[in-house]
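Just so you know, all these numbers are worked out from the coordinates, no wet-lab data involved. As the structure is a prediction and not an experimental result, all values here were calculated from the model. Cβ atoms come from the backbone with ideal geometry, glycine included; neighbour counts cover every protein chain shown.
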Amino acid sequence: MSCTKVKHIIICREGWLYDEENGDTGPIAGDPRILHQRDVDDQRKVFKDAYALGLIKHDNYKLIQMVVHPAVFLDDLEARSIISTMDGICIESHQFNRYWPLGNEISNPEEIARGAKWVLEQGLDYIFYYGPYQYKGCETYTDFLERDWLKAFWARGLPKHHENMYYYLNAFPHGCGSQRPVGPESDPYSYLGFVKWLIQELEQGK
């Protein structure tokens, strides 16, 4: 029998993706993904009610706020207050659309590192949700671009070896990156080859 453990529950508001002008957003103007405090409270109540009914194993779980901007949750006092009732932050980093090129407003390594360090200093969890990635069919692709971006984040301060730092990989076959092979691990260009490299990088110093 397999045993599945829930480590994090990542939550955010996404209505703005469908309609950036009129879509459902939260209370923070600088980051439409951040929840209202009532959303957080309601989610906690769902956990407790489900536990009372015997539907889940625990009466609470780590609730992680996925954000758009790497540091609005830190600089906005209302956002910081809401985040303080959650268990951590998750930041996306794609190699497509609004995240391209590296270093713009939402893929700025220094800002991402600043936000991550603050989260970890509070004893919260920080999830770096990385991908999807470019591949050889992309006009702007260079060999091992996904590794170069990670190295740039690390070089500019994104924590690499911290007990509350997590790297989640998004291997969705997006656009011109969709031809990247899944495996094998021995192929450094494949998803599994990249995962093998990342695990080796993260194991250093632990």
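If R0 is 41 Å, the Cβ-Cβ spacing of residue 204 and residue 37 corresponds to a FRET efficiency of close to 0.55. Only Cα pairs under 8 Å and 6+ residues apart enter the sum, and on that basis the relative contact order of the range 38-99 stands at 29 percent. Amide H contacts under 5 Å for residue 168: 128, 129, 130, restricted to partners 5 or more places along the chain or on a different chain, H placed in the peptide plane at 1.01 Å from N.
Excluding residue 187 itself, what net charge comes from residues whose Cβ is under 11 Å from its Cβ, given Lys and Arg +1 and Asp and Glu -1?
Working: positive: 180, 196; negative: 185.
Overall, the nearby charge balance is +1.
Annotation for residue 169 and residue 5: the two label points, set 7 Å from Cα along the Cα-Cβ direction, are 2.1 nm apart. How far is helix 109-121 tilted, in degrees, relative to the longest principal axis of the Cα atoms in the chain, given as a value from 0 to 90 rounded to the nearest 10? With rounding to tens, the tilt is 40 degrees.
Among the GluC sites (Glu not before Pro) in the range 67-166, those located in a DSSP loop and surrounded by at most 16 other Cβ atoms within 10 Å of their own Cβ are 105, 139, 163.
Structural descriptor for the range 1-158: relative contact order 18 percent, calculated from alpha carbon pairs under 8 angstrom and at least 6 residues apart.
For the pair the range 144-206 and the range 22-80, the centres of their Cα atoms are 27 angstrom apart. Fully extending the segment from residue 141 to residue 52, taken as 0.36 nm per residue of separation minus the present Cα-Cα distance, adds 26.9 nm.
Couplings 3J(HN,Hα) of the range 63-79, computed from phi: 9, 10, 7, 7, 10, 8, 8, x, 8, 4, 4, 8, 7, 8, 5, 5, 4 Hz, in residue order, whole Hz [Karplus 6.51 cos²θ - 1.76 cosθ + 1.60, θ = phi - 60°; x for Gly and Pro]. Here the Karplus relation 6.51 cos²θ - 1.76 cosθ + 1.60, evaluated at θ = phi - 60°, turns the backbone of the range 5-14 into coupling constants of 10, 8, 8, 9, 10, 8, 9, 6, 9, 10 Hz, with x for every Gly and Pro.
Computed from backbone phi, the HN-Hα couplings of the range 28-43 come to 9, 4, x, 8, x, 7, 5, 6, 6, 4, 5, 5, 5, 4, 5, 5 Hz, rounded to whole numbers (Karplus: 6.51 cos²θ - 1.76 cosθ + 1.60, θ = phi - 60°; Gly and Pro given as x).
When Lys and Arg each count +1 and Asp and Glu each count -1, what net charge do the other residues less than 13 Å away from residue 8, Cβ to Cβ, add up to? Net local charge, residue 8 excluded: +1. For residue 88, the residues whose modelled amide H falls within less than 5 Å of its own, excluding neighbours fewer than 5 places apart on the same chain, are 65, 125. List, in the order given, every pair from 62/160; 7/117; 5/45; 57/151; 57/196 whose Cα-Cα distance in the structure shown is over 28 Å. Check vs 28 Å cut-off fails for 57/151; 57/196. Overall, the ratio between the Cα radius of gyration of the chain and 2.2 N^0.38 Å, rounded to two decimals, is 1.08. Approximating the spin labels as points 7 Å out from Cα along Cα→Cβ, the residue 192-to-residue 18 distance works out to 3.8 nm. Assuming a ≥ b ≥ c are the square roots of the Cα gyration tensor eigenvalues, decide whether the range 104-206 counts as rounded (a/c under 1.5), prolate (otherwise, with a/b larger than b/c) or oblate. Cα axes put the range 104-206 in the prolate bin. Any idea which of 47, 8, 199 is furthest toward the positive side of the dipole for the chain, if Lys and Arg beta-carbons carry +1 and Asp and Glu beta-carbons -1? Positive-most Cα among the choices belongs to 199. Note: relative contact order over the range 87-206, using C-alpha pairs below 8 Å and six or more positions apart, is 25 percent.
For the range 24-128, the pair-distance distribution built from all alpha carbon pairs, in bins 10 Å wide starting at 0, is 15, 42, 29, 12, 2 percent.
Quick check on the range 132-186: take the gyration tensor over C-alpha atoms, sort the square-rooted eigenvalues as a ≥ b ≥ c, and tell me if it's rounded (a/c under 1.5), prolate or oblate. Mind dumping the intermediate values first?
On the way: a/c = 2.35, a/b = 1.66, b/c = 1.42.
Prolate, since a/c reaches 1.5 and a/b exceeds b/c.
Taking the chain as a Gaussian network, where each spring joins two C-alpha atoms under 10 Å apart, which residue of 184, 132, 32 fluctuates the most? In this elastic network of the chain, the residue with the biggest mean-square fluctuation among 184, 132, 32 is 184.
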